[in-house]
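Following: one structure in C-alpha cells, then a few remarks.
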Amino acid sequence: MRIALLSVLHSPADIRTVPAPFRKLAGARLVDRQLDIALAGGCETVACLANTVGREVIALQHRAEAAGARFIALRDPHKLSGIVAAQDELLVLEAGVLPDEESVLRHLAKPGVLVFPEDPAIARGYERVDAHFAWAGALLVRGNAVEQLAHLPGDVDAPSALLRIALQSGTRTYPLERRLLEEHGWLRDPSAEELAARERSWVSGHADVAPFTAPGLAIAERLGVRLAQDTLVGNLPRILALSSAIAGLLALTSAAAGWVVLGFGLVALAAIFFAMEEVVRRVAHAGQLRPQVPLLVRALTVLLDPLLVILIARASPEDSEWLRLFVPIVLLGLLHLGERNAARSWRRSYADRVTLTALLVPAAIFGIVQPVVAILALAVLLSLFLTSEPQG
C-alpha cells in the first residue's frame, strides 16, 4: 500500500502572513494541491502532521475522504509506525512545497528522492543533500524507514529526517530540470508574485478550451479562463451556474408568454454562462481525483436541450402539428450522435449550443425557425459522414 505524509507544521517568520501550506493557487490551498498529487500517485491513506485539528485540517480530511482515501491527522510523527508497515511505500511532501505533478508521478513510481541543482535551489530555501544537489521537497521511501524514525527524538522534523534516512539507505536521487524553478513550475514557500505566475500557467494548462471549430464555445470558454485568472476561482462556478439557470427560467417564461425572440436570446445567454461555468469548474477541480459535479450543473446539462425544443416548437407554425417537436428533436439527437461518434477534434463542434442558439435568434426574428432547424439537421447529418471516426 502507498501512504502519503503531508505536513502543515509551518510557522512563517511574520505571524501576519498566511503559512505556506494554506496559501492558495486557483482557489485551492497548497496542501490541497499536494493531496491531489498524492491521490493521483495512488496513495490510499493520507497522514498529515499538524499541531491542532482545526478547520483547515478538517477541510483537507473531507477532500481526501471524498476521493476515497483514509485520512489521519498526527501531532507526533512516531505514530507513523502504527500506520506504515515495512512493505508499504511512503510518499513524503515537505510543508509549503508545490511540486510539478507530472515530475512527481513520473520519477516517484518507485522509491527515490527528487533533487535540484544546488544553484539556484539553496538560495531559494531548499535543503542541501550534498555538494551538488538540494532536496526538492518530495521523496518516496520504503515503509521500513519509519521504523528508524521511531528511534529519533519526538520533536524531530519528520520530512527532513526521512530524507536523511532515505539517503543513508541508498535510495536513488532523481535530478530535476532547473527550468522548473526558473519558470515557477515548482515552488517552495512561494511569494504572491510566484503564485500569480504559477496560477497563470495553471489556468491556461488546465482550461482545455474549445477550438474555433466550435466558435461559440471557444469564445465563451476563453471568457471563463479570463474570469478564472482574475477572480482566483472561489465561488465563481456557482455564480455562473446560477446565472445560467436564471437565464433558462426567464427563457421558459418568455416562451410561455409567446416572446420567442427574447426566449432564444436568453437561451443563448444561458448557454454562454453554462460554457463559462464548465471551464472555470475544470480549472478549480484540476488535479482532483474524483471531483463532485454540483446538482444544479447536472440538471442544466439535461434541461438546456429540452428548453431549446420547447422554444423551437413555440416558434414553429401551429398547423405543423407533430413536426413542431419532431424537427428539433431530430436536430438535437444528431448533435448528440456527433458528440459521441465524431472524431475527437470535432466533438466540441457538435456540443456548441452557443453557436446553435445564436443562429436561431435571427431565424426567430424573421419567423423561419422551423425551416432553419430542418436545414441544420440535414447539414449535421451530412457532416457526420465526414467527421465520424472510422470503425475498426
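Annotations for the structure displayed:
- Its Kirkwood hydrodynamic radius, worked out from the mean inverse distance over all distinct Cα pairs, puts the range 208-387 at 16.8 Å.
- Percent antiparallel among DSSP beta bridges (both partners in the chain, rounded to 5): 50
- Summed residue charge, Cβ within 14 Å of residue 54's Cβ, Lys/Arg positive, Asp/Glu negative: +2
- Rel. contact order, % - alpha carbon contacts under 8 angstrom, at least six apart, the chain: 14
- Equivalent ellipsoid dimensions for the range 65-139 as semi-axes, Å, which come from the Cα gyration tensor, largest first: 26, 15, 13
- For the chain, average projected area of the Cα convex hull in nm²: 23.4
- Taking the longest Cα principal axis of the chain as reference, the axis of helix 192-207 is set at about 50 degrees.
- Near residue 132, once Lys and Arg are set to +1 and Asp and Glu to -1 for all other residues with Cβ below 12 Å from its Cβ, the sum equals -2.
- Here the residues 274, 366, ranked from fewest to most Cβ neighbours within 10 Å of their Cβ, fall in the order 366, 274.
- Helix 158-168 axis versus longest C-alpha principal axis of the chain: approximately 70°, rounded to the nearest ten.
- Highest-MSF residue in the chain out of 315, 131, 256 [GNM, Cα springs under 10 Å]: 131
- Helix 323-341 axis, angle to the chain major axis (alpha carbon atoms, nearest 10°): 30
- Remark: the Cα gyration tensor places the range 92-245 in the prolate category, a/c being 1.5 or greater and a/b exceeding b/c.
- Relative intensity of the range 1-109 on a log10 scale, I(q)/I(0) at q = 0.11, 0.21 Å⁻¹, equals -0.32, -1.18, per a Debye sum over C-alpha point scatterers of equal strength in the absence of solvent.
- Expected 222 nm ellipticity per residue - DSSP helices of 4 or more, -39500 (n - 2.57), all of the chain, to 500: -17000 deg cm²/dmol
- Counted by neighbouring Cβ atoms within 10 Å, the residues 186, 259 run from fewest to most as 259, 186.
- In terms of other Cβ atoms within 10 Å, 75, 29, 188 run from fewest to most in the order 75, 29, 188.
- Distance between the range 235-249 and the range 156-196 - C-alpha centres, whole angstrom: 41
Since every read-out is calculated from the coordinates, none of them should be taken as a lab result. These figures come from a predicted structure and were not determined experimentally. With ideal geometry, Cβ positions are generated from the backbone for all residues, glycine too; neighbour counts draw on all protein chains shown.
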